Structures are given as C-alpha cells and as structure tokens.
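Encoded as structure tokens, the structure appears first; notes follow it.
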2 protein chains.
Amino acid sequence: MSLGEKTSGELNFMNFAVIGYGGQGAWHCDRILNSDVATLSGTYDIREARNEAARAKGIHVYDSLEALLQDTAVDAVVVATPNDSHNALVISALRRGKHVICEKPVDLTVAGFDAMVATAKEMGKVFTVHQNRRWDVDYLAMKGIVESGEIGDLIDIESRIHGSRGIPSDWRCEKAPGGGMILDWGVHLIDQILQIVKDPIVRVVCDTTYITGQEVDDGFFLTLHFASGKRAHIEVATYNFLPMPRFYLRCQSGSALIEDWRKHAQVARLTAWQEKDVTPVQNAAGITRTMAPRDELTLDCYEAPRPTVDVHDFYRNFCAVCGGKGELIVKPAEVRRVLLVMEAAFRSAECHSAVACSI
Amino acid sequence: MSLGEKTSGELNFMNFAVIGYGGQGAWHCDRILNSDVATLSGTYDIREARNEAARAKGIHVYDSLEALLQDTAVDAVVVATPNDSHNALVISALRRGKHVICEKPVDLTVAGFDAMVATAKEMGKVFTVHQNRRWDVDYLAMKGIVESGEIGDLIDIESRIHGSRGIPSDWRCEKAPGGGMILDWGVHLIDQILQIVKDPIVRVVCDTTYITGQEVDDGFFLTLHFASGKRAHIEVATYNFLPMPRFYLRCQSGSALIEDWRKHAQVARLTAWQEKDVTPVQNAAGITRTMAPRDELTLDCYEAPRPTVDVHDFYRNFCAVCGGKGELIVKPAEVRRVLLVMEAAFRSAECHSAVACSI
C-alpha cells in the first residue's frame, strides 16, 4: 500500500511528536515523514547533540519536553527513550490527551505496564507498543508455514539471533535504564514466538550469559514449554562470530529452516513415512541406520515464498484505531504476556531452575 | 597406522569372540578380521538368521553361548547384544577368564556397571566399552580446536545430531532392553562432550520427545552446566527433515562450527575486539547496531584441518593394555560419568526440572 500522498480519506490522518531522537526515535521520524497517514510536528531529546542531528534533517525540535506535550496540534506521541523512562513519559502524554506509541520493552515490570494501560483507559486514548519485528520477513515466513498447515501441526520452534559485538556500550549495558539482551532483543523474539504459538505457557527455563560485561545479560537461552506440549527455544547471543540458523521449525509433517533473515525459508515436507529399504550408512567412526539420510522420494523440498511487508502498516493501523476503526495489531494483552515471560526468564536465570507458570 | 600383516611383535596379539551378530557385532567381526592385533575365533547370536549371515561371511559360528565362553583359545570377548543383556554376559565372560569389550551403553544403571568393574578387578581382567565415536572426525576436530587454544578458552559447546527416521523399529524402540535415544546416541554425544570439557557437572536439564512412539524417548535436548560456568547443549532428534549444524563452539576468542560430519570445521578467530566505526544495519523490519555484521578486518576465518583417524586404534589399545602396556583409551571411570549424566537426564525429563548434581 503506497498512496503517494497523505490523505485523510479512508485513512485517519494524524499528527505525531517523537520523544527521544536516538536510533529508534530517528527511525520513527523517518517513517512518519514518509507515511501516508502521519505527519511529524517535531521531536525532543534531552541530549543537545541529538537535537542538532534532528535539526540537520530539517525536523522541528521543541524547546522542552513540556513544550512538546503542550502542543495541541499533536494528536499522538511516540516515546523512544531508555526503557526506565517509558512509564512516566507514556503516562504524562496520555494525561495530556495524546494517543501514545511506546518503544519496546514498554516497561521493566508488569505492574508498571498495567498502570500505563489503566491511564490510557481512563483517558480514553489509544496506547500501543512498537513491536516493529512483527513485520520481520523471516518471522512472517515461519508464521505463514505454521498457519498454512503445509507441514502439519507445530511440534517445536527455535528462534536465534547471533551477533558478535557484545553488549552495546550505551545505556543498554546498564541495569537501571533497562539494558541487557532479554529486554533488548528478547522482547522481540518472545513476542514473535507468542504470535506463532498461542497456547498457555506452563514452564520457563532461562540461562543468561555475561561474557562482555557483568551488569546486564549479553545473551540468553530461553525455553518456553506450552501446555499443549509444544516447545520454543529462543536464543540471543552477542559473542558468536559465526551465526547459527535464524529459525528452525519442526512440524508433524516436515521441517523448515531459515539460515539468515535475508534468505528464503527451506522447507522439507514429508510425503511418505515408510521407505522400502533403509541402508545403514557409515557416519564418521560408526554405522547408523537411525541417522541415515532419507530417500528423496519421501521428501518434497522447496523454498517458501518470501513475504512482502510494509512497516507503514504499523502507523496505518494505529491511526485507524485512534479514529475508531478496527483493533490494534499490537494489543496491550499481548505485550503484557511478553513482559510476564521476561519476568519468569529473569527468575529462572537467577535461581538456576525451571519456573512453573501460567502465562 | 597400518602394519599390513598381523604381528605379535610390538603389539599384543589376541584372539576374539563376538557375542551377538547384529549391526554392531558384524562391525566388530569386520574390524577384527582386518585388524593387525586381533584374530576372530567366531561369533554366536541367539537368532539363527544372524548366525546364517555370519556363516555366509565365512565366520565360524559357535553352537551355543556356552561353547563360545568355554573356548580356551579365546582371549577376549566382545559383547554386542541388546543393552539389558550386557551385564550378565560381561560378568559371565569375565568369570571365564576373558578380557571383555562391551558395546555401549554398557548398562542401564550405574550400579550394574559397578558390578562389572568389580568383577573385572576380582578376575584381574581388562574391561572396556566400545565408545567408537571417540574416533569421529567431527568431534576430534572440535576437541582439537579447544585443546589448541587457537580461539581461546571454551565458553560453551553445542552438539547435535538430527535424523529423520524416528525411533528404530527393533528392540531399540522398547524400554526393557534399554531402547531410546538418550541411551542410543546420547551415550556417544555425552561421552564426547565430557572428553572436551573435563570440569565437574553441577546441573543437568533435559527434555525428551516422544513423536514417533510413547515407550522410549525418540530424542532429547540436554543441557549440562559445569562448575566452571561452561555449558553444553546436546541434542539428538529423529524427526528432523532438515538438519541443524552438527557442532557449535563458542570460545573467548572466536567461534567454530561444523555443518555436517563430512565437512571441515569453519573457524572465525577474533583478531581485534574494537572496530573503528559500526554502522547500524537494516535487519528485516528494524535497524540494529548490536547485530550488525563484523568488519572482516577483525576476524580471521578459516577451515580447520580434518583429523585423520584409525578405528583400529581401539583394538590396538585394548590388546596392549591386556598385555600390560599403557592404559585404556576408554576408561571405566569415564564410562561411569556418562552413565551418571544419563541417569540425571532421565530424572530431569521425568520431573520437568533442573537436577542439581556433582558428577
């Protein structure tokens, strides 16, 4: 969808201001400037250098946070600041009568998030979280394969992201502002998994790593056990100089794998379980029948089509809901579940044990 | 090492009989027939069809188990029968004054294994287990990289084997004879890991799968936590139609990966941690600096040499030790540790929780 020019016809047309002009704030400003439903009033950052960077792009910079919030021309506010400042800013903006989009992770605690949701309800305003990785093509390819049923019901799923730069050196390496990889990338990968597997979670097991710093986790390996028996492995690593595959899917009638987010999903669909003759193979220093490769006649191997996505749909959906149409793509109840999983993951990592839950 | 002809010169020359002529028994007979230290007296299987198969290969078949054990020309016996029959056969053979090699897993319980070891000691005979996958080239490549220190100290290691044929349909799909993948392939992969990581194990977490049958596990995901903080993930799967990489190694100064046992290990060695400028990259529907690829100038990427192995070294070592020279490659104390890990893995899978231990 690309309307070419901004229109208030079918779409609800809204005016935004962005609090924080770091990496994410700049991303929002760029998208809003190119949106068919949104216009940008301006931004404000507590760091003057970032305000200068915004001005250099021709973006209006408010004199203060207060000036931004007081601007009656602003319909909606995007909060893109360090994680520990989200709560106060979201609640302030809602109380000024603004609709609000908050960056992820929305809050460091479930209780903090509940207060935001309660304020939005009280003020009659729309509030959502920028879970932008709902638009990741690799995730959508996996979700599409599960939903199509083309390789049967899901058994388990693995989602990994392997980087090699360690924990970032900005506020994200500090505990107080909400740094660490569970909060930074975990929030995305958990959210994606919960969109693919809708069943209740009954057990969470998580290990964290502290290879490049001691204050916050620089990676984790998380297992979610669902009431249905399904399982998800979620791994984020920042000290891996060779990456493992991004996604792996095991289903009742086949498997799927995505090597890298730039690649197509490979699918192997089982067409017949039994094979006539299985010849044991020499595998390194032993013979094996169990691990012998399958006859090609019993597998249909292909590449899944790569979904096309438009990240502007996030703003289109938000503006539509603010105008009373439809429902949010990123629902507060979904965001809350992700926070509950992260809380359980922290508990599991701390006590070195499985955490029973009902999420 | 290939001496061309059998000699009792430097090597201790011995005469073997093999109990059981299934897949493993036939493997032993073939190796012994081609050994430079061993000769084969014959074999015996309780299934007449298997005895026929041995005869067809020109192998002498004893009239009974008793006849095999009574043959004073036999110095050593190989036990290659279903797992639940190992104990009685190993102890019988030791009591007849034979040295004994037993197939893996040597026993279903640690207590059973201890009785075998005690009998060997009492009889003054040599007893070992055929952990043939100590000679796997993929495992040896990983072990070599860790031991060389070329990419620094180990942080964690992953070992996977993914097949697609489900649980085997013979006795290995039944609980009583000791079927299931923890006992079948787990015993190899755990043994390999404990040869690479020598630290005490303090915690074991294991999940099992029952996709192709309910009686025994047809796969598992096992995590070993070592007292040193190191970690190992071990996975065996029999319902994966696309395989994940065989080995992954994360070390303090690099990573290594083996895609498949037939392939060379890929190594990425870190040459400098800091990079001048890191440009955030667009990764699917978001930007990331943390997960941006590394500058090639800070990584040295290469293929590790593929070790050369000779499985006959297993018999050479055994015969040498029977002759009073050297020590066993596969030591009873090492075998016992693997059994302890498997017991902890079963407990963890059963109670859905981490099992604290001191192994």
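The values are calculated or read from the model by the stated rules, or taken from the named source; none is laboratory data. Since we're looking at a predicted model, the values are computed, not measured. Note that each Cβ is placed from the backbone with ideal geometry, even for glycine, and that neighbours are counted across all protein chains shown. The protein model used for the area step is the full one, side chains on, heavy atoms only, and it has no ligands, DNA or RNA in it. Shrake-Rupley method; radii C 1.70, N 1.55, O 1.52, S 1.80 Å.
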- [ ] Give segment A:159-191 a look and list any residue that's closer than 14 Å to residue A:237 by Cα and in contact with a His (Cβ under 9 Å, 6 or more places away or on another chain), or say none.
- [x] A:159, A:160, A:161
Open item on the list: residue A:122 - would you say it is surrounded by fewer than 24 Cβ atoms within 10 Å (Cβ to Cβ), modelled with pLDDT of 95 or more and touching a strand residue (DSSP E or B) at 6+ places or on another chain (Cβ under 7 Å)?
Closed with: no
Task: Candidate set from segment A:200-219 (those that are open to solvent by 40 Å² or more (accessible area, probe 1.4 Å) and part of a loop (DSSP other than H, G, I, E, B)); member that is nearest to the other protein chains (Cβ to nearest Cβ) - done: A:211
Task: residue B:190 vs. criteria crowded, with 17+ Cβ neighbours inside 10 Å, away from chain A (no Cβ under 12 Å) and in contact with a strand residue (DSSP E or B) (Cβ under 9 Å, 6 or more places away or on another chain) - done: yes
Open item on the list: Residue under question is residue A:238, and the condition is that it be among the β-branched types (Val, Ile, Thr), within 9 Å of another protein chain (Cβ to nearest Cβ) and without any contact (Cβ under 8 Å) to a residue 60 or more places away in the chain; does it hold?
Closed with: no
TODO: Tell me, yes or no, whether segment A:337-351 has at least one residue that is in a loop (DSSP other than H, G, I, E, B) and either at pLDDT 90 or above or within 9 Å of another protein chain (Cβ to nearest Cβ) (or both).
DONE: no
Open item on the list: It is to be established whether one or more residues within segment A:4-21 are surrounded by fewer than 22 Cβ atoms within 10 Å (Cβ to Cβ) and under 26 Å from residue A:178 (Cα atoms).
Closed with: no
- [ ] Test residue A:254 against the stated conditions and say whether it is out of contact with any Phe, Trp or Tyr (no Cβ under 7 Å at 6 or more places or on another chain), open to solvent by less than 20 Å² (accessible area, probe 1.4 Å) and within 7 Å of another protein chain (Cβ to nearest Cβ).
- [x] no
TODO: Please work out which residue is modelled with the lowest pLDDT, limiting yourself to segment A:279-291 and to residues that are closer than 19 Å to residue B:212 by Cα and facing another protein chain (nearest Cβ under 7 Å).
DONE: A:289
Task: Flag if residue A:151 is more than 14 Å from residue A:217 (Cβ to Cβ), modelled with pLDDT of 95 or more and outside any helix (DSSP H, G or I) - done: yes
- [ ] Look at residue A:159 and say whether it is in contact (Cβ under 8 Å) with a residue 12 or more places away in the chain and either within 14 Å of chain B (Cβ to nearest Cβ) or under 19 Å from residue A:330 (Cα atoms) (or both).
- [x] yes
Open item on the list: Can you report the number of residues in segment B:276-331 which are in a helix (DSSP H, G or I) and farther than 30 Å from residue B:117 by Cα?
Closed with: 3
TODO: Return the total of residues in segment A:162-178 being more than 10 Å from chain B (Cβ to nearest Cβ) and open to solvent by less than 10 Å² (accessible area, probe 1.4 Å).
DONE: 1
Task: Given (1) closer than 26 Å to residue B:291 by Cα; (2) part of a strand (DSSP E or B); (3) within 8 Å of chain B (Cβ to nearest Cβ), index of the condition residue A:268 fails - done: (1)
Open item on the list: Just to be sure before I move on: is residue A:268 crowded, with 18+ Cβ neighbours inside 10 Å and in contact with a strand residue (DSSP E or B) (Cβ under 9 Å, 6 or more places away or on another chain) in the structure I sent?
Closed with: yes
- [ ] Determine which single condition residue B:259 fails, assuming it passes every other condition in (1) more than 8 Å from chain A (Cβ to nearest Cβ); (2) in contact (Cβ under 8 Å) with a residue 40 or more places away in the chain; (3) farther than 25 Å from residue A:274 by Cα; (4) open to solvent by 20 Å² or more (accessible area, probe 1.4 Å).
- [x] (2)
